[in-house]
Every structure is written in structure tokens, then in C-alpha cells.
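A quick write-up on the structure given underneath.
The values are calculated or read from the model by the stated rules, or taken from the named source; none is laboratory data. Quick caveat, the model's predicted, so the values are computed rather than measured. Don't worry about glycine lacking a Cβ; one is built from the backbone with ideal geometry, like all the others, and counts go over all protein chains shown. Heavy atoms of the whole protein, side chains included, go into the accessibility calculation; ligands, DNA and RNA do not. Shrake-Rupley method; radii C 1.70, N 1.55, O 1.52, S 1.80 Å.
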Amino acid sequence: MATSNSQHEGHVVLFPFMSKGHTIPLLHLSRLFLARGLRVTIITTPANRPFIDQSLADTSSAAATVVDIPFPQDTVPGIPVGIESTDKLPSLDLFFPFTISTEHMQPDFERALQTLPRVSFLVSDSATKFGFPRFVFYGFANFPMAVGTLVAENRLLEGPESDTELITVTQFPWIKITKKDFHESFRDSSTDAAQHEAFEFNMRSVVATVRSFGMIVNSFYELEPVFTDYWNTECGPRAWCVGPLLQLSQDDDINSTNDEDDDKPMWIEWLDQKLEEGSWVLYIAFGSQAELSAEQLQEVAKGLENSNVNFLWVVKKKSGATASDGLTKEFEERVKGRGMVVKEWVDQRRILMHGSVQGFLSHCGWNSVLESICAGVPILAWPMMAEQHLNARFVVEEMKVGRRVETCDGSVVKGFVKSEELEKMVKELMEGDKGEEVRKKVKEFADLASKAVKEGGSSWRSLQSLIDETIGNKEEKSMSS
Ligand code: UDP
């Protein structure tokens, strides 16, 4: 792990948005601040607290404190009491109402801040009226931020009638996007009250971003120099690329988890077995939020079965669902020995780092993309929501570390993927020449990622200068520049 010898007097407050995709990287970031001698306070809600406490259990309790404030109950019909994180929502239709409801936490959040020791800076999604620097953290790369800004500023989505017409992005003419790469809330479709509210929420986020001191980005400069430079010169506030955060914070543990672990989950033992046989495995997971319809689940099962590749498939259990989430015992019997289905929370990073895993069918949530890059595992991109469509373009067309499955209707944001398409692309990734090309490329980026976070690397320096500029350790500033 990259550490600094000096002890700062700083105190950082982090207020992660209540989703795993935001909380996990900010927990990694907290460890980095702790490693550099800062005190950390994390503000969260009661139902999210156990996950955070558990993640920080091995850190010094004197340096890391967790404070909880109430979640606004009763502001959104349909969200049961106790559901305080996006991965637990009964339906993704509640995603935006959930997000908007978190704005009601502002008064409690500000009250909590007043009770804390002097704060050096804050990392959060929301604005505050207090006089210390605030960094925003959206968990996005600079690519979707830069492209999204250009699309909005130049009103590029207002032109084409069709959702699939290719639109050239001004400034980056080699990039073509379509309307379906963007959620409707990106446009002001004021006929629909819910969409309009989501649009208004996005606008408030833009204002909060502009007013912040900077943006902490879970990415590294060498991964997206063009888009980082564009953001920092033409947009702002300044993006501080300090990632991949997972690699920065856990470099030390990664080797210890793999081999001499007496308490291995059965899927890791299964992967060990595949590695011994010299067989490759495709890992399949769509993050903590996305859900497949029962029909789509069956289609994926059929595609995997027909592809004949080995696979480990993590199926998200719908809240309240019981048994097999639509996958039959017969299916699991038929693929036994070469396919495993897991319906629990797994340590995804550990799976991706396993030597047998040589492909990842992913929804392209940014954390998943980074975890795959760090592990040198090529991606089969199947974006579903949020900025995942832009991430998929970045993965396939810019970085060239993956291939993409096409939806059969091509006209809706969340399209249907047929078993034949999946079978073809899975085989191509795991057995074909094109798969080999992207596998080679992703390993180059894995190497760059590992250099970026080592002492003296671009992300290491970026984190140091962030601390120096906010806390003002002039002596160290001159040493690190
Ligand atoms: N994750 C995990 N185990 C699971 C499901 C998810 O460790 O069973 C982690 C995954 O490694 C990643 C995060 O949850 O760090 C999901 O973030 P991502 O941006 O990939 O997708 P999102 O869930 O935000 O759609």
C-alpha cells in the first residue's frame, strides 16, 4: 500500500451516497486517508452502518469514526421502512425517487457536521453551507463526465428522431453516441412529472459540482488522458484522479486472500479446481442494482448452456424473492461441472483476480470495469442503466479492452439480449482471436494501473497534492512536487 510517513493534522468527512457502487470506493478512499495519517469520519444511515463498520473493522477506531443520521422515511411511497440502499430497493423504478429523497437528509447532515471536530474537507454528493472545501464524488470516470457535458452543452440529443442514429460528439469527432446511451432524465422531458423531477435533480447536482472545490475521480490519468485534460481545461472543477481506489487500498491483502485461506467460499474452491485443470472461466455479474427479467434470465441461461464455456454466474436475489430466481434445478444439473450459479454477495474483486477467470460479462458499472482492468480480465459489455452505456463505449471503442453484446431490438435503453447473440459473443471472448486481442490490451492497462498507484505514480501524487492543497502541509508539498 502506498503510504506517506508524515502525519497530517487533517480530518476528512465522507458522506457516501447510499449505494454499494459509491460506498465501496469511498471506503477504499477512507483507508488511504487513514494510511496518510488523517482522521476520517463517515456519515451514513442506521441500515447502512453495519456494512461500513464491518469494512473498517480492522482499522484504528481512534482514527475512523462512523456517525449515523436518520434516513428520511415516508418521503417515497413504495420504499419499505429499513430500505436505505439502492441495492435493496424492491424495484429499480424507485431509483430516482430514492435518490431525490436523500436530499431530505441535508438538515440532519449539517447538524451532524456541527458536532464534529474541525473538518479539513468533505467528500459528498451534496452541497453544504460550511466554510471548508468540499469534493464531489460521483463514482464516474472522466469519459462519461466529459462526453455528457459536451452532449448537454451542444444539445446533441435534440437533433435525431431515432434513438439509434449515431451522433458525432463535438470536440471528439471519432466518438459516436446515440440517444439510447442516455437516461431520459438527461433530457428535460417535462411531460412526465417523475422524469422532470429527475432532470431537476440532475441540474442541482451540476450546480453542486460547479460550486465544489474539486471532483475525486476513481480513475487514473493514463487510462483517459484526453478526457481528463479536457475536463480540467474546459469544464471543471478540477478532477483529481486517485484510482483505482481498490488497488490503492488493498494492494497488501490481495495475495494473502488467494492461497492459504482455510475458509474459502465454495466458488473459490471451484475456481481453484478449474485453475488446476487449466480451464478458463467466464465470470458473470451485473453489479449490486441491475435486475434481469425472468425472461431475460432464461435467455442468458440458454446462451451460456449452448456456449459450452465454463462460467461462474452471480445472480442478484430480488428483495423478498425466495428460491432460484427463475433458474431451474434442471439447468443447474445440466451445466454441473462447468457452470456454477451463486445467489449471495461475493467478493467480486477476489473472483476477478483468480487466475482461472479470463472473461467478465458485465453491466459496466464503473467499479466493475476498474476491478476487471486491474485484474487484467477482458470485458463482455452489456450496459443496462445510469452511465453504463457510455462506460461500455469507453471499454470497447476507446480502451479496446472488451467486446459488446448487442440487444435485439436496439431501440430501448434496457434492451433484450438473445441467447444466440450471447453464445456467439461469449465464444468470441473466451475462444476467439478478437478475445485474445482485448485480453492482451487489458493486461497493458492493468500494468499501468498498478504503476499509477505505487509511490510516485500519477494517482499517488494526485492524492498527495489533494491533501497538501487542502490541509496545507507546505514542507511535504515541496518534497512531493
Ligand atoms: N459487488 C461485490 N459483490 C457482489 C455484488 C457487487 O463485491 O455480490 C461489488 C463490486 O465488486 C463493485 C460494486 O459492488 O465494487 C458494484 O459497483 P458497480 O459500479 O460495478 O455497479 P453498481 O452496483 O453500482 O451498478
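Can you tell me the convex hull volume per residue for region 114-229, based on C-alpha atoms, in Å³ to the nearest whole number? Before the final figure, lay out the partial values.
Values: hull volume 15.0 nm³, N = 116.
Each residue corresponds to 130 Å³ of Cα convex hull volume.
Percent relative contact order of the chain, based on C-alpha pairs within less than 8 angstrom and at least six residues apart? Walk me through the numbers before you get to the answer.
Working: 801 pairs, mean separation 72.5, N = 481.
With pairs under 8 Å counted, the relative contact order is 15 percent.
Translational diffusion coefficient, Stokes-Einstein: compute it for the chain using the Kirkwood radius over C-alpha pairs as Rh, at 20 °C and 1.002 mPa s, and state it as an integer in µm² s⁻¹.
Numbers: Rh = 23.3 Å.
D = 92 µm²/s.
Go ahead and run the numbers for FRET between LEU116 and LEU448, Cβ-Cβ distance against an R0 of 45 Å, rounding to 0.05. The partial results should precede the final answer.
Working: r = 38 Å, r/R0 = 0.84.
Once rounded, the FRET efficiency stands at 0.75.
Ratio of region 120-184's C-alpha Rg to 2.2 N^0.38 Å, to two decimals? All intermediate terms of the calculation are to be shown ahead of the outcome.
Numbers: Rg = 15.9 Å, N = 65, 2.2 N^0.38 = 10.7 Å.
Computed over Cα atoms of region 120-184, the ratio equals 1.48.
If amide hydrogens are placed 1.01 Å from N in the peptide plane, which non-local residues have theirs closer than 5 Å to the one on THR65?
It is VAL40, THR41, ILE42, by chain and number.
Residue separation times 0.36 nm, minus the C-alpha to C-alpha distance between CYS408 and GLU436: what's the value?
Stretched out fully, the CYS408 to GLU436 stretch lengthens by 7.5 nm.
With the contact rule set at Cα under 8 Å and sequence spacing of 6 or more, what percent relative contact order holds for region 60-156? Walk me through the numbers on the way to the answer.
On the way: 56 pairs, mean separation 18.5, N = 97.
Computed value for region 60-156: 19 percent relative contact order.
List the residues, sorted by chain then number, that are 5 or more residues from ARG238 or on another chain and whose placed amide H is less than 5 Å from its amide H.
MET215
What is the distance in Å between the Cα centroid of region 100-177 and that of region 352-376?
Using only Cα atoms to place each centre, the spacing works out to 25 Å.
Quick check: at a probe of 1.4 Å, how many percent of the accessible area of the chain sits on carbon and sulfur atoms?
Values: 10570 of 20920 Å².
Heavy-atom surface of the chain belonging to carbon and sulfur, 1.4 Å probe: 51 percent.
R0 = 45 Å: FRET efficiency of GLU269 with VAL226, Cβ-based, nearest 0.05? Before the final figure, lay out each step's value.
Working: r = 43 Å, r/R0 = 0.96.
It comes out at approximately 0.55.
What are the trypsin sites (Lys or Arg not before Pro) within region 140-204 that DSSP puts in a loop, where the Cβ has at most 10 other Cβ atoms within 10 Å? Working shown, then result.
Numbers: sites: ARG155, LYS176, LYS179, LYS180, ARG187, ARG204; in loops: ARG155, ARG187.
Passing sites in region 140-204 are ARG155.
Could you state the principal axis extents of the C-alpha atoms in region 17-162, from the largest down, to the nearest angstrom?
Computed over region 17-162, the largest-to-smallest principal extents equal 58, 36, 29 Å.
Return the long-range amide H neighbours of SER19 (sequence gap of 5 or more, or a different chain), with a cut-off of under 5 Å between placed amide H atoms.
For SER19, the qualifying residues are THR86.
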